[in-house]
Amino acid sequence: MTAFSLEPAQLTWCEELRGLAAERLRPLAEKGEPGRVNRALVAELGTLGLLPRLFTSGALDLCLMRESLAHASTEAETALALQGLGAHPVHAHGTDSQRARWLPRVSAGTAIAAFALSEPDAGSDAAALSLRADPDARPSTAEGAALAAEPDGPSGWRLTGEKCWISNAPEADFYTVFARTTPGAGARGVTAFLVPADRPGLTGTPLDMLSPHPIGALAFDAVPVTADDVLGEPDRGFRVAMDTLNLFRPSVGAFALGMARAALDATLAHTTARDAFGGKLRDLQAVSHQVAEMALRTEAARLMVYAAATAYDAGAPDVPMRAAMAKLLATETAQYVVDKAVQLHGARALRRGHLLEHLYREVRAPRIYEGASEVQRGIIAKELYRTQDAQTQDAHTKEAGA
C-alpha cells in the first residue's frame with residue numbers, strides 16, 4: 001500500500017464506518033444538547049470498539065476513522081477525536097499507574113478526556129504559556145514526600161492561572177494540562193500534568209461557540225499536583241504537546257475531508273435533481289466546472305493527508321512539515337468546498353437543520369484549532385529553511401575538508 005491508495009480491506013472498513021455512523025451514531029448525536037458532552041454518544045463509540053483503536057492504530061487508521069465518521073456525523077467524529085486528543089499524552093507518555101487508571105475508561109467511553117493547552121493570551125504561541133506551576137512544599141502523596149528530600153526539584157506544584165477554548169471543558173473527567181514550571185524558559189520550561197477534574201481549586205465554565213461541540217474555560221486556583229501527575233518529564237511538556245499535535249494534525253485534515261466529501265456528495269445529488277433553465281442544474285457549464293473544482297481540491301487534499309499520516313507511521317523525519325501541510329490544505333479546502341456547495345444549493349442550504357447549514361458552521365473552526373492556518377504556514381517555512389540551512393552547512397563542511 002502506498003500513500004496514494006488504500007487496500008480493499010481499508011475501503012471496506014471505511015464503508016462500514018460510514019454505515020455505523022449513519023445508523024448507530026447519528027441518531028444519538030441528534031439527541032444531544034449543543035455545547036454539552038454527549039456521554040451516550042461517547043459510550044456508543046466505546047461499545048462499537050472505535051475508542052480502543054485510538055491507542056492501537058497508526059495515524060493513517062486514525063485519519064480513516066475520522067474521515068469516515070465525519071461524512072455521516074460530525075458530532076460522532078468530534079467526540080472520538082477529543083477522546084484521543086485528551087488521552088494520547090497519557091497513552092504515549094504516562095506511567096503504568098496513569099494508564100491503568102484512565103485508558104480503560106476512555107476506551108469504554110465512561111471517562112471524558114480533554115487536552116488543555118490554549119490560554120486566553122497563548123493560543124497559537126503555545127510556548128508562551130503562563131499557567132504557573134509553583135513549587136509546593138506540602139507534597140500530598142507518600143512518593144511526593146520521599147521526593148521532597150531530593151535536590152533535583154520539587155515533589156509537588158500548585159497550578160494557578162487559566163485555560164481557554166478547551167474542548168470538552170468543563171465536563172471532562174480529566175485534563176492533560178500544560179503549565180510553566182520554569183519561568184522565562186519558553187518551550188523548555190513547560191510540564192504536562194494529568195489533572196483529574198475533581199482536584200480542589202479547579203473550576204470551569206462553558207463557552208457559547210459557533211461549533212456545536214462542548215468548549216469551555218478552566219480556572220486553576222492553586223490546584224495541587226505532584227510528581228505522580230507528571231506526563232513525561234518535568235520541563236519537557238512541550239515535547240508531549242508537539243508529539244500529540246503531530247499525530248492529530250493530519251487527522252484534523254481527515255475530519256475536514258469528511259465534511260468536504262459530504263458537501264460534494266450533496267451537491268452532486270442536488271445539481272442532478274434540480275431543474276433550472278430548461279434542463280438540470282448539472283447541465284450548466286458554470287455549475288459543472290465548479291463541481292469539478294470541488295472534487296479536484298478534495299482529492300488533492302486527501303492525498304496529502306494520507307501521505308502525512310503514512311509518513312508519521314513510518315517515523316519519517318519531516319513529519320512536522322507534512323502534518324502542517326496536510327492540516328492546512330485540507331481545512332482550507334473544506335472551507336472552499338462547503339462554501340461552494342452552499343452557493344450551488346441556494347437559500348435552502350442556509351435553513352436551520354439543513355446538512356450544509358450544519359457543515360457551514362462546523363467547517364470554520366478546524367482552520368483555527370490545533371494551530372491556525374497561519375501557524376501551519378510558519379511551521380512549513382521554518383522546516384524548509386531549517387533543511388536549507390543544514391544543506392548549506394553540509395556543503396561548507398565538505399568544501400573545508402576538500
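The values are calculated or read from the model by the stated rules, or taken from the named source; none is laboratory data. The shown structure was predicted, so the numbers you read here are calculated from the model rather than taken from an experiment. As a convention, Cβ positions derive from the backbone with ideal geometry for all residues, glycine included, and neighbour counts pool all protein chains shown.
What the table shows:
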read-out: Exclusive hit being assigned by TED's automatic domain parsing to the domain that holds Ala390, closer than 21 Å to Leu85 by Cα and surrounded by fewer than 18 Cβ atoms within 10 Å (Cβ to Cβ), set Ala292, Ala314; value: Ala314
read-out: Residues located in the stretch 182-214, provided they are touching a Ser or Thr at 6+ places or on another chain (Cβ under 6 Å) and modelled with pLDDT under 95; value: Gly189, His213
read-out: Residue check, Arg302 crowded, with 19+ Cβ neighbours inside 10 Å, charged (D, E, K, R), within 19 Å of Leu62 (Cβ to Cβ) and under 21 Å from the mean Cα position of the chain (by Cα); value: yes
read-out: Residue under evaluation Ser57, criteria (1) more than 28 Å from Ala192 (Cβ to Cβ); (2) at pLDDT below 95, criterion not met; value: (1)
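Residue by residue, here is whether (1) hydroxyl-bearing (Ser, Thr, Tyr); (2) surrounded by fewer than 24 Cβ atoms within 10 Å (Cβ to Cβ); (3) part of a helix (DSSP H, G or I) holds:
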| site | (1), (2), (3) |
| --- | --- |
| Asp61 | no, yes, yes |
| Glu67 | no, no, yes |
| Thr78 | yes, no, yes |
| Leu85 | no, no, yes |
| His91 | no, yes, yes |
| Arg101 | no, yes, yes |
| Arg105 | no, yes, yes |
